[in-house]
Structure formats: C-alpha cells, structure tokens
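The values are calculated or read from the model by the stated rules, or taken from the named source; none is laboratory data. None of the values given here were measured: they were computed from a predicted structure. In this analysis, Cβ positions are derived from the backbone assuming ideal geometry, glycine residues included, and neighbour counts consider all displayed protein chains. Areas reflect the complete protein model, heavy atoms only, side chains present, ligands, DNA and RNA absent. Shrake-Rupley method; radii C 1.70, N 1.55, O 1.52, S 1.80 Å.
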Amino acid sequence: MKFSLLVLALLGCGALAGKGGGKNKQMKVLQTELSAVKDGLKTIGQEEERRHAELLEKIEALQGELGKIGAGQSKLGELVTSKCGKNKNSGTWNLGMNINPADGHIFGYTNGWATGVDIGSADEALTKDYLSANVWVKPANYIAIVRHQEGVVDAVKVFKFKTSADSLRTRFGLPNMNPGRQIVSSGGPIQESVSATAENLADDPIFSVGGDLAFNWAYSDNGCRIALTGGHLSDASVNDDNTHGLGNDFHVNPLTNTPHSTTWPHDISNIQDCPLATCRDVRLQGTDHGSGPHLKSGPVYGNYAIYVSWDAESFPGPGASLSTEIGL
C-alpha cells in the first residue's frame, strides 16, 4: 500500500514538472516574440527618425531658398526705388487757369486770382481766358505753367510747392496777399521742356529766366501774381513798375486786392528792365491791358495755362495736346 502511494506521488510530480516545463517554453517563445517586436519597433522608430530628419533637412533647405528669393525681391525693390523712385509718369493734371493776352478780357492782378470764381467756359478753356473754380480749390503739391499754341504744348515748366496740400485759392487768397511776396518753390523747376521750334524765348516771362516761383509779388502800389526769381523782383517799398510776369497791375493795393483804377492792369509783361523813373515803354504780350500810356501792346507768344496736381511730377512735353484734365 505504501509503495502504491509512493508511485502515485512520483507520477503526480512528473506531471506537474511536465506542465511546468511547457509553461517555461511558452514564456521563452513569448519573450522571443516580445524581443522581436521591440526590435521591430526600434527599427521603425529609427526609420521614422531618419525620415523626420530628412524632412527637417528639406524644410530647412526650402526655407533657405525662400529666404534667398525674398532677399532677391527686396534688393530688386530697393534697386527699382533707388533708380526710379516714385513713378513720375503717373497722376492727374487739372487746368486751373488759361491766359490769352489778346481775347478782350483782362486777367490783371485783382481779377479772379484771389476770389477763385469761374471765368470763361470749359469749351473755350484753352483758347480764351479761363478759371475753374473747382480746380482753384483743389489741394495741390505740383504746378505746371504751360505755354501753348492753340492747345498744343510749346514749352512747360513744372515746380513742386514748398508747402504741400494748399489750393491755388489759398495760395492767391487774401491771407497770403498781406504781406504777399512768397517764394513758393525751391530748387527751381523739376521739369523744363521747350520745343526746338519755339519762338520768342528771349524775353518770355516764364521761359527766358530761371529760378523759383514768386507769388503775390507786392511792391508799393503794384502787384504781380506770378514771377520768377531769376527776373527782377522789386523791393517792397519801391514803386518802379519793374517786376514782370503773369497777372499784373501798376495801380493797385496789392495787399487787399483793391484796384485804384482800371488804367494799369495787364495780363502778361515780358522780361525787361524798364523802371518807371527812366522808362515809358513796358513791353506786353497782346492787347489785354488798361489804357496806361506806358503799356505797349506786343506779339502774343502763346496762351499760358496753369495746371495743378496732387501727385504728378512730370507733364507732357512739346507737341502734346492739352485738355482740361490730363491723366498720365
């Protein structure tokens, strides 16, 4: 009986040992598989890291190329700006005034300049005296004075105003007339274009002399609305009738825009040295002037148009056709 029990016990232990050995094998298999999985994951991770690194390199390379392109565009922009600056051939010019010194209407010192009322009609804006009230109140940074022959440019000067955004109504208005005598540009014209066939340039009030624009030139009982500093500018207290330009009067209160008579207004006087004390022959263009005995009619060199612009720095040159509005 004891022997049988011993045999049974031994058999039971063997069975348990057999079962334990099977589990060990399974564990080894699982460990091997787990190790393979870990190795695979490690391999995948390494591959992902490699791909990630490659992507980063590509991104960095593309960013570098974009940086080069951006730098190139910036340099190109700087080059264009430095060489050309703002496009000067852009903007709009508007006709503020036209002076025909032989149309029967006198554009002297007191007529229209300060008040800015409409004179003439748009249909005859470039053949007769004309003032546009709408343009006269437009803010302007540039002014062009154009001598033309029946609407075709003969000569032009463009100036930039020293003070920006003021209208012609402001620049020629009463507040700027007392004491007047403003130099309204600096550095001379930014454009000067004269036709090779232009005539009568030797004493033209705009194109025979240089310098800057002088507005509201008041001296004693005389006034000249537009003159150039290259011509003679009379001292404030000197009554010499010897400043010449556009919009003149030799018998006026130039500080209040009040005429003393209708004898001495005149549209255009040419450049000359004809002081009152020694000279009695003031050479004018055309026939539009008062009856003063010193005022002498003369040839018409052309009509004189005054254009203004907010942003245009250049004006169409000789041979161009004019209109009340010119877009560049």
**Study point:** Note, ³J(HN,Hα) from phi for the range 142-153, Karplus 6.51, -1.76, 1.60, rounded to Hz, x at Gly and Pro
**Key:** 9, 9, 10, 10, 10, 8, 9, 10, 6, x, 10, 4
Study note, to complete from the structure: Along the range 181-193, Karplus-curve 3J(HN,Hα) (6.51, -1.76, 1.60; θ = phi - 60°) to the nearest Hz, with x for Gly and Pro, reads 6, 8, 9, 9, 10, 9, x, x, x, 8, 8, 9, 10
Check your understanding: Projected area of the range 266-328, taken from the Cα convex hull and averaged over every viewing direction, in nm²?
Key -> 6.4 nm²
Check your understanding: What Kirkwood radius, in Å to one decimal, follows from the Cα pairs of the range 199-254?
Key -> 11.2 Å
**Study point:** Calculated P(r) of the range 103-169 - Cα pairs past 17 Å, %
**Key:** 53 percent
Exercise for review: Pop a pseudo-label 7 angstrom from the Cα along the beta-carbon direction at both residue 90 and residue 310 and give the gap in nm to one decimal.
Suggested key: 1.4 nm
Practice item. Please identify which residues in the range 286-312 have an amide N closer than 17 Å to a label point set 7 Å out from the Cα of residue 149, following the Cα→Cβ vector. Key: 286, 299-305
Practice item. State the extension gain, in nm to one decimal, for the chain segment bounded by residue 273 and residue 121, taking 0.36 nm per residue of separation less the distance between their alpha-carbons. Key: 51.1 nm
Revision key, fill the gap. Order by accessible surface, 1.4 Å probe, largest leading, for residues 313, 199 comes to 199, 313
Exercise for review: Using only Cα atoms, locate the centre of the range 238-284 and the centre of the range 119-185, then give the distance between them in Å, rounded to an integer.
Suggested key: 20 Å
Check your understanding: Expressed in nm to one decimal, what extension gain is obtained for the pair residue 166 and residue 201 from 0.36 nm per residue of sequence separation less their Cα-Cα distance?
Key -> 9.5 nm
Revision key, fill the gap. Quick calc: nm separation of the 7 Å Cα→Cβ label points for residue 260 and residue 191 -> 4.1 nm
Check your understanding: If eta is 1.567 mPa s and T is 4 °C, what Stokes-Einstein diffusion coefficient results for the range 222-307, Kirkwood Rh from Cα pairs, in µm²/s?
Key -> 99 µm²/s
